[in-house]
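Written out below as structure tokens is the structure these notes cover.
The values are calculated or read from the model by the stated rules, or taken from the named source; none is laboratory data. Nothing here was measured: the structure is a model prediction, and the numbers come from that model. Positions of Cβ are generated from backbone atoms using ideal geometry, with glycine treated the same way; all protein chains shown enter the neighbour counts. These area figures cover heavy atoms from the full protein model, side chains too; ligands, DNA and RNA do not enter into them. Shrake-Rupley method; radii C 1.70, N 1.55, O 1.52, S 1.80 Å.
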Amino acid sequence: MQSSFNQELEDRLVRYAAIDSQSDENSTSTPSTEIQFDMLRLLETELNALDAADVQLTDYGAVLATIPGTVEGPTVGLLAHVDTAPQFNATGVKPRVIKGYNGGDITFPDDPALVLSPEEHPYLAEKRGHDLITASGTTLLGADDKAGVAILMTLAHHLLDNPDVPRGPIRIAFTPDEEIGRGVDPQLAKDLAVDFAYTLDGGEVGEIEYESFSADRAVVTVEGVSIHPGLAKEKMVNAIHLAAKIIQTLPQATMTPEVTDAREGFIHATDMEGGSSEMTLKFILRDFELDGLEAKGALLRQVCAAVQASEPRARISCEITPQYRNMRYWLENDMTPVDLARDASRSLGIEPISVPIRGGTDGSRLTEMGVPTPNIFTGMQCIHGPLEWISVQDMATATNLCLTLAQLAAKRA
């Protein structure tokens, strides 16, 4: 069964990845970019062509559909997001397929200096003989999360063409703006109408994840005193200097993404923009525990207060807003969907891996809203950058896992 999915998965990911659907955190629209509708409307059309039931594109930019059940069982949700990360160029993606990977270094036609090496990426070394998909070197690929989209569309095609496959009702959802933390509209949990769900937004084969970061966003505004530089002595307050002082005072050797791993949280400066009269600094705060998250927010506020005290003529504000919370807080009270996914994985001969996600998924918000939603692997690797790649065979394994999961859920009804 697994190999029968390969060509469709390859074709779908190559086609979907070529569509620019990058999100934009500076936008206030929903979805944040109009180009995401290029993916959303395409998926709506394709689901209708497959004769899925209840297909709709909601006013908050999610595509929903039903794969009718053939037996009694819980209604299971499966989700993937259509947007790609704003951290790297996603315009003009040129996906390419490397058939039967030979195990060596991979180079990129549009950036000959770029090299994807199995020595630096051990998981790649395990994929000798697999069919790999990468971009051309100047863009990300967008397998995060168009691999998830391709997997769910391939699964939907298979199940709708095979009504004899036993399963309960399945709800499919494709969401926008996951990469900027706005993928779950308050209405989604109700509209999804499931007993539990899974996001297809993970990496290595075997990953069944039920723990994520808790996350806050911080915006620091520094207002200086502007005056002609020729008349500035003892009058000007340069906002750039104060913004730099804030960055420099925050931990550098600890508590940043580049020096933390495992269960360590961080304060990450993501943007710094403005001029001598006013500067805006943006941060994301991450920790697996709420007290650790609160401590990082308190530290940022303390640093801002100290810099403010050093220059009372300036005005420095620090606004911190919640983004999402660790899904573990709710899932650990009922591990049914996690255990089901683990059992499905083991039935395929794959030992499940459950490690904390150093990030978040739409499932983080959905779980908090009352829909238990752990995360399942797709195979995506080196995401958010030009080295991004994925194995078609890994995607097929994920598709087979979803099929097995649906069958197991129906049997346990």
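Test GLY92 against the criterion of being more than 25 Å from SER136 (Cα to Cα), at pLDDT 95 or above and under 21 Å from the mean Cα position of the chain (by Cα), and give yes or no. It would help to see each step written out before you state the result.
Working: more than 25 Å from SER136 (Cα to Cα): no; at pLDDT 95 or above: yes; under 21 Å from the mean Cα position of the chain (by Cα): yes.
Judged against the criteria, GLY92 is not a match.
Would you mind finding the one in ALA309, ALA232 that is over 30 Å from PRO356 (Cα atoms) and open to solvent by less than 70 Å² (accessible area, probe 1.4 Å)?
Numbers: ALA309 fails: open to solvent by less than 70 Å² (accessible area, probe 1.4 Å).
Every option except ALA232 fails the conditions.
Does any residue of segment 287-296 turn out to be surrounded by 14 or more Cβ atoms within 10 Å (Cβ to Cβ), part of a strand (DSSP E or B), over 21 Å from the mean Cα position of the chain (by Cα) and small (Gly, Ala, Ser)?
No: segment 287-296 contains no residue that is surrounded by 14 or more Cβ atoms within 10 Å (Cβ to Cβ), part of a strand (DSSP E or B), over 21 Å from the mean Cα position of the chain (by Cα) and small (Gly, Ala, Ser).
Tally up the residues in segment 15-37 that are within 19 Å of the chain's Cα centre (by Cα), part of a helix (DSSP H, G or I) and closer than 22 Å to THR154 by Cβ, please.
Of the residues in segment 15-37, 3 are within 19 Å of the chain's Cα centre (by Cα), part of a helix (DSSP H, G or I) and closer than 22 Å to THR154 by Cβ.
What pairs come out if I take residues in segment 352-374 that are closer than 21 Å to ASP287 by Cβ and free of Cβ contacts under 8 Å to residues at least 60 places away in the same chain and pair them with residues that are part of a loop (DSSP other than H, G, I, E, B) and open to solvent by 20 Å² or more (accessible area, probe 1.4 Å) whose C-beta lies under 8 Å away, six or more apart or interchain?
GLU368/ARG325
Considering only segment 152-169, I want to know if a residue exists there that is under 26 Å from PRO109 (Cα atoms), in contact with a helix residue (DSSP H, G or I) (Cβ under 7 Å, 6 or more places away or on another chain) and either without any contact (Cβ under 8 Å) to a residue 12 or more places away in the chain or not basic (Lys, Arg) (or both). Walk me through it before giving the result.
Narrowing segment 152-169 to residues under 26 Å from PRO109 (Cα atoms): none.
No, because not a single residue in segment 152-169 is under 26 Å from PRO109 (Cα atoms), in contact with a helix residue (DSSP H, G or I) (Cβ under 7 Å, 6 or more places away or on another chain) and either without any contact (Cβ under 8 Å) to a residue 12 or more places away in the chain or not basic (Lys, Arg) (or both).
Which residue pairs have Cβ atoms closer than 9 Å, lie 6 or more positions apart in sequence or on different chains, and pair a first residue in segment 329-343 that is on the phi > 0 side of the Ramachandran plot and in contact (Cβ under 8 Å) with a residue 40 or more places away in the chain with a second residue that is open to solvent by less than 60 Å² (accessible area, probe 1.4 Å) and in a helix (DSSP H, G or I)?
Here the result reads none, with nothing in segment 329-343 linked to a residue that is open to solvent by less than 60 Å² (accessible area, probe 1.4 Å) and in a helix (DSSP H, G or I).
Restrict the check to segment 92-111 and report whether at least one residue is touching a strand residue (DSSP E or B) at 6+ places or on another chain (Cβ under 9 Å) and farther than 20 Å from LEU132 by Cβ.
For segment 92-111, residues touching a strand residue (DSSP E or B) at 6+ places or on another chain (Cβ under 9 Å) and farther than 20 Å from LEU132 by Cβ: absent.
Restricting to segment 10-55, name every residue that is farther than 27 Å from ASP161 by Cβ and of a type in the set (Asp, Glu).
Answer for segment 10-55, where residues must be farther than 27 Å from ASP161 by Cβ and of a type in the set (Asp, Glu): ASP20, ASP24, GLU25, GLU34.
Looking at segment 193-216, can you tell me whether even one residue there is modelled with pLDDT of 95 or more, over 20 Å from GLY265 (Cβ atoms), open to solvent by 70 Å² or more (accessible area, probe 1.4 Å) and not in a strand (DSSP E or B)?
Scanning segment 193-216 turns up at least one residue that is modelled with pLDDT of 95 or more, over 20 Å from GLY265 (Cβ atoms), open to solvent by 70 Å² or more (accessible area, probe 1.4 Å) and not in a strand (DSSP E or B).
So, in segment 363-408, exactly how many residues are part of a helix (DSSP H, G or I), touching an Asp or Glu at 6+ places or on another chain (Cβ under 8 Å) and open to solvent by 10 Å² or more (accessible area, probe 1.4 Å)?
2
Hey, can you tell me all the residues within segment 55-73 that are more than 10 Å from PHE174 (Cβ to Cβ), open to solvent by 30 Å² or more (accessible area, probe 1.4 Å), of a type in the set (A, V, I, L, M) and not in a loop (DSSP other than H, G, I, E, B)? Working first, answer last.
First, the residues of segment 55-73 that are more than 10 Å from PHE174 (Cβ to Cβ): 55-56, 58-60, 66-73.
Going one step further and asking which of them are open to solvent by 30 Å² or more (accessible area, probe 1.4 Å), we end up with 55-56, 59, 68-72.
Add one more test, that the residue is of a type in the set (A, V, I, L, M), and what stays is 55, 71.
Answer for segment 55-73, where residues must be more than 10 Å from PHE174 (Cβ to Cβ), open to solvent by 30 Å² or more (accessible area, probe 1.4 Å), of a type in the set (A, V, I, L, M) and not in a loop (DSSP other than H, G, I, E, B): just VAL55.
Tally time: how many residues in segment 128-143 are in contact (Cβ under 8 Å) with a residue 40 or more places away in the chain and either open to solvent by 10 Å² or more (accessible area, probe 1.4 Å) or in a loop (DSSP other than H, G, I, E, B) (or both)?
So the first thing to find is which residues in segment 128-143 are in contact (Cβ under 8 Å) with a residue 40 or more places away in the chain, and the list is 130-143.
Checking which are either open to solvent by 10 Å² or more (accessible area, probe 1.4 Å) or in a loop (DSSP other than H, G, I, E, B) (or both) leaves us with 130-131, 135-142.
Going through segment 128-143 one residue at a time, the tally reaches 10.
For residues that are among the acidic types (Asp, Glu) and farther than 17 Å from GLU178 by Cα, scanning just segment 1-30, find the one that is least open to solvent (accessible area, probe 1.4 Å). Reasoning before the result, please.
As a first pass, look at segment 1-30 and keep what is among the acidic types (Asp, Glu): 8, 10-11, 20, 24-25.
Okay, now just the ones that are also farther than 17 Å from GLU178 by Cα, so 8, 10-11.
On the way: GLU8: 47, GLU10: 21, ASP11: 80 Å².
Going through the qualifying residues, I end up with GLU10.
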